[in-house]
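Peer 1: Questions regarding the structure given below will be posed in turn.
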Amino acid sequence: MTTFRAACIQVNAGNDLHANIETASKLVRQAKASGADLILLPENVAMMEWGREKLLAKSAPAENHPAIAAFKALARETETWLHGGTLHIQLDDGRLANRTYMFDPAGRQIAQYDKI
């Protein structure tokens, strides 16, 4: 029988994207050090902001979203399966998606899901 250890991380995200990514990354490293093989981050892990204009100003397209790059690297660094919570992603048509990503231990994105 194969077993694994999962860790569910909770953060109190604010409106500073980079500080939130740093906090989540620290907690992921702690979970890995405690033996986690699968680590799950929460909704809005990288930013909690109110108002459409503020959300748009602080969001990014998937291609250059700092949280995606950070979480890919973090999955690779920790060699864990990492669910990247949800992120505000700018779409080409001006809308925002609340998107979730899954990364494998090599840091590859293996899945995504949008809630628009």
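Peer 1: Pop out the ³J(HN,Hα) list for the range 80-85 in order, Karplus 6.51 cos²θ - 1.76 cosθ + 1.60 with θ = phi - 60°, rounded to Hz; leave Gly and Pro as x.
Peer 2: 10, 7, 10, 8, x, x
Peer 1: Along the range 3-10, what does the Karplus equation 6.51 cos²θ - 1.76 cosθ + 1.60 (θ = phi - 60°) give for ³J(HN,Hα), rounded to whole Hz, x for Gly and Pro?
Peer 2: 10, 8, 10, 10, 10, 9, 9, 10
Peer 1: Just the accessible area per residue of the chain, please: how many Å² with a 1.4 Å probe?
Peer 2: Numbers: 6730 Å² over 116 residues.
Heavy-atom SASA per residue in the chain reads 58 Å².
Peer 1: Sticking with this one: Run the accessible area of the range 14-113 with a 1.4 Å probe and give the carbon-and-sulfur part as a rounded percent.
Peer 2: Looking at the range 14-113 in its full context, I get 53 percent from C and S.
Peer 1: Another question, if that's okay. Taking θ = phi - 60°, what integer Hz values does the Karplus form 6.51 cos²θ - 1.76 cosθ + 1.60 yield along the range 11-16, in sequence order, with x for Gly and Pro?
Peer 2: For the range 11-16, the Karplus-derived couplings read 10, 9, 5, x, 9, 9 Hz, x marking Gly and Pro.
Peer 1: Follow-up question, since we're still on this one. Just for the chain, what percent of DSSP beta bridges are antiparallel, to the closest 5?
Peer 2: Around 65 percent antiparallel, to the nearest 5.
Peer 1: Pairing the Cα long axis of helix 66-78 with the longest principal axis of the chain, what angle in degrees results, from 0 to 90 and rounded to the nearest 10?
Peer 2: Helix 66-78 and the main axis of the chain meet at about 0 degrees.
Peer 1: Straight-line reach from Lys58: which aspartates and glutamates fall under 12 Å, measuring Cα to Cα and dropping same-chain residues less than 8 apart?
Peer 2: Within reach: Asp16, Glu49.
Peer 1: I've got another one for you. Compute the convex hull volume of the Cα atoms of the range 1-54, divide it by the residue count, and report the result per residue in Å³ as a whole number.
Peer 2: Dividing the Cα hull volume of the range 1-54 by its residues yields 71 Å³.
Peer 1: A further question follows. Just to confirm the number: angle between the C-alpha axis of helix 17-33 and the first principal axis of the chain, 0 to 90 degrees, nearest 10?
Peer 2: 10
Peer 1: Using alpha-carbon positions, what is the distance between the centroids of the range 73-93 and the range 1-54, in Å?
Peer 2: 10
Peer 1: Excluding residues fewer than 8 places away in the same chain, name every one of the lysines whose C-alpha is closer than 19 Å to that of Lys26.
Peer 2: Lys72
Peer 1: Using just the helices of the chain, give the 222 nm mean residue ellipticity in deg cm²/dmol: DSSP H runs with n ≥ 4 each add -39,500 (n - 2.57), and the total is spread over all residues, rounded to 500.
Peer 2: Helix-only estimate at 222 nm: -10000 deg cm²/dmol.
Peer 1: Taking the structure as given and computing Rg and Dmax of the Cα atoms in Å, which label from (1) 14.9, 49; (2) 13.9, 51; (3) 17.4, 48 fits?
Peer 2: Of the listed options (1) 14.9, 49; (2) 13.9, 51; (3) 17.4, 48, (2) comes from this structure.
The values are calculated or read from the model by the stated rules, or taken from the named source; none is laboratory data. Computed from a predicted model, the values in this text were never measured in an experiment. Just the protein is used for accessible areas: all its heavy atoms, side chains included, with ligands, DNA and RNA removed. Shrake-Rupley method; radii C 1.70, N 1.55, O 1.52, S 1.80 Å.
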